[in-house]
Amino acid sequence: MGADEASEASRRLVEECWIDPFDAAGARFRAGAGRLAATPPGADYEALQRGHAETLNDIFSKWRTEPGLCAGYLAEWEAAFQWALGSDWRLAIGLAERAFAFLRHQWRWPEAVRIYMQLLH
(Lines give C-alpha, C1' and ligand atoms only; values in the text may rest on other atoms or scores of the structure.)
Protein backbone atom coordinates (compact mmCIF):
# COMPACT_ATOMS: atom_id res chain seq x y z
CA MET A 1 0.00 0.00 0.00
CA GLY A 2 1.39 3.39 -0.98
CA ALA A 3 1.40 6.54 1.15
CA ASP A 4 -1.57 8.02 -0.74
CA GLU A 5 -3.62 4.86 -0.28
CA ALA A 6 -2.74 4.70 3.41
CA SER A 7 -3.68 8.35 3.86
CA GLU A 8 -7.04 7.83 2.16
CA ALA A 9 -7.75 4.69 4.19
CA SER A 10 -6.88 6.53 7.39
CA ARG A 11 -9.16 9.43 6.46
CA ARG A 12 -12.09 7.03 5.91
CA LEU A 13 -11.45 5.23 9.19
CA VAL A 14 -11.37 8.56 11.05
CA GLU A 15 -14.66 9.63 9.43
CA GLU A 16 -16.30 6.39 10.56
CA CYS A 17 -14.84 6.75 14.10
CA TRP A 18 -12.84 3.52 13.87
CA ILE A 19 -9.63 5.40 14.67
CA ASP A 20 -8.81 8.80 16.17
CA PRO A 21 -5.77 10.90 15.25
CA PHE A 22 -3.22 10.73 18.03
CA ASP A 23 -1.06 13.63 16.88
CA ALA A 24 -1.52 16.85 14.94
CA ALA A 25 0.31 15.47 11.90
CA GLY A 26 -2.14 12.58 11.62
CA ALA A 27 0.72 10.09 11.51
CA ARG A 28 -0.39 8.05 14.52
CA PHE A 29 -3.85 6.87 15.52
CA ARG A 30 -5.62 5.10 18.37
CA ALA A 31 -8.75 2.95 18.31
CA GLY A 32 -11.84 5.12 18.09
CA ALA A 33 -15.38 4.87 19.37
CA GLY A 34 -16.49 2.92 16.30
CA ARG A 35 -14.94 -0.22 17.72
CA LEU A 36 -17.79 -0.34 20.25
CA ALA A 37 -20.23 -0.88 17.40
CA ALA A 38 -18.33 -4.03 16.42
CA THR A 39 -18.90 -5.63 19.83
CA PRO A 40 -21.53 -8.37 19.48
CA PRO A 41 -24.82 -7.79 21.35
CA GLY A 42 -24.73 -9.41 24.77
CA ALA A 43 -20.94 -9.67 24.75
CA ASP A 44 -19.10 -9.26 28.02
CA TYR A 45 -17.45 -5.97 27.13
CA GLU A 46 -15.34 -5.95 30.29
CA ALA A 47 -13.94 -9.40 29.48
CA LEU A 48 -13.20 -8.31 25.90
CA GLN A 49 -11.36 -5.23 27.13
CA ARG A 50 -9.38 -7.26 29.69
CA GLY A 51 -8.41 -9.83 27.06
CA HIS A 52 -7.35 -7.08 24.70
CA ALA A 53 -5.18 -5.44 27.37
CA GLU A 54 -3.62 -8.74 28.44
CA THR A 55 -2.81 -9.59 24.82
CA LEU A 56 -1.08 -6.25 24.32
CA ASN A 57 0.79 -6.64 27.58
CA ASP A 58 2.12 -9.92 26.20
CA ILE A 59 2.97 -8.39 22.82
CA PHE A 60 4.92 -5.56 24.46
CA SER A 61 6.83 -8.05 26.61
CA LYS A 62 8.67 -8.84 23.35
CA TRP A 63 9.86 -5.24 22.80
CA ARG A 64 13.52 -6.32 22.77
CA THR A 65 13.15 -9.12 20.22
CA GLU A 66 10.24 -7.83 18.12
CA PRO A 67 10.31 -4.03 18.11
CA GLY A 68 8.55 -3.89 14.74
CA LEU A 69 5.62 -5.83 16.17
CA CYS A 70 5.36 -3.41 19.08
CA ALA A 71 5.53 -0.39 16.77
CA GLY A 72 2.60 -1.78 14.81
CA TYR A 73 0.49 -2.12 17.92
CA LEU A 74 1.04 1.28 19.56
CA ALA A 75 -2.46 2.54 18.74
CA GLU A 76 -3.98 -0.65 20.11
CA TRP A 77 -1.74 -0.36 23.15
CA GLU A 78 -3.10 3.12 23.85
CA ALA A 79 -6.70 1.89 23.91
CA ALA A 80 -5.78 -1.00 26.20
CA PHE A 81 -3.79 1.26 28.50
CA GLN A 82 -6.65 3.73 28.83
CA TRP A 83 -9.01 0.90 29.79
CA ALA A 84 -6.51 -0.54 32.28
CA LEU A 85 -5.98 2.84 33.96
CA GLY A 86 -9.59 2.78 35.08
CA SER A 87 -10.11 -0.94 35.55
CA ASP A 88 -6.94 -2.82 36.49
CA TRP A 89 -4.09 -0.86 38.03
CA ARG A 90 -1.68 -3.84 38.03
CA LEU A 91 -2.24 -4.37 34.31
CA ALA A 92 -1.92 -0.63 33.62
CA ILE A 93 1.48 -0.58 35.32
CA GLY A 94 2.63 -3.62 33.33
CA LEU A 95 1.50 -2.04 30.07
CA ALA A 96 3.20 1.23 31.03
CA GLU A 97 6.52 -0.39 31.96
CA ARG A 98 6.76 -2.36 28.75
CA ALA A 99 5.70 0.42 26.41
CA PHE A 100 7.96 2.89 28.21
CA ALA A 101 10.93 0.56 27.73
CA PHE A 102 10.08 0.08 24.06
CA LEU A 103 9.65 3.81 23.38
CA ARG A 104 12.79 4.71 25.32
CA HIS A 105 14.76 2.18 23.30
CA GLN A 106 13.38 3.78 20.12
CA TRP A 107 14.47 7.24 21.37
CA ARG A 108 10.83 8.37 21.49
CA TRP A 109 11.21 10.16 24.81
CA PRO A 110 8.17 12.49 24.70
CA GLU A 111 5.83 9.53 24.16
CA ALA A 112 7.59 7.49 26.82
CA VAL A 113 7.34 10.24 29.41
CA ARG A 114 3.67 10.82 28.58
CA ILE A 115 2.93 7.24 29.66
CA TYR A 116 4.20 7.79 33.19
CA MET A 117 2.54 11.20 33.35
CA GLN A 118 -0.78 9.44 32.78
CA LEU A 119 -0.04 7.08 35.66
CA LEU A 120 0.50 10.07 37.93
CA HIS A 121 -2.91 11.54 37.13
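Here are some notes:
- Applying the set (1) within 15 Å of the chain's Cα centre (by Cα); (2) in contact (Cβ under 8 Å) with a residue 12 or more places away in the chain; (3) open to solvent by 70 Å² or more (accessible area, probe 1.4 Å) to G94 leaves exactly one unmet item: (3).
- Which listed residue is part of a helix (DSSP H, G or I), open to solvent by less than 40 Å² (accessible area, probe 1.4 Å) and either modelled with pLDDT under 90 or closer than 18 Å to H121 by Cβ (or both), from A37, A53, A99, A47: A99
- The conditions of being out of contact with any His (no Cβ under 7 Å at 6 or more places or on another chain), small (G, A, S), surrounded by fewer than 16 Cβ atoms within 10 Å (Cβ to Cβ) and at pLDDT below 80 are met by A25.
- For region 49-90, a residue qualifies if it is in contact with a Leu (Cβ under 9 Å, 6 or more places away or on another chain) and hydroxyl-bearing (S, T, Y), and exactly one does: Y73.
- Hits in region 64-121 - residues which are of a type in the set (K, R) and closer than 24 Å to A47 by Cβ: R90, R98
- Test: residue in region 78-89 that is crowded, with 18+ Cβ neighbours inside 10 Å, aromatic (F, W, Y) and under 20 Å from L48 (Cα atoms): yes
- Close pairs (9 angstrom Cβ cut-off, 6 or more residues apart or separate chains): of a type in the set (A, V, I, L, M) in region 59-78, open to solvent by 60 Å² or more (accessible area, probe 1.4 Å) and at pLDDT 90 or above anywhere: I59/E66; I59/R98; L69/K62; A71/Q106
The values are calculated or read from the model by the stated rules, or taken from the named source; none is laboratory data. Fair warning: this is a prediction, and the values are worked out from it, not measured in the lab. Ideal geometry is used to build each Cβ from the backbone, glycine not excepted, and the neighbour counts take in all protein chains shown. Side chains are part of the model used for accessible areas, which takes the heavy atoms of the whole protein and leaves out ligands, DNA and RNA. Shrake-Rupley method; radii C 1.70, N 1.55, O 1.52, S 1.80 Å.
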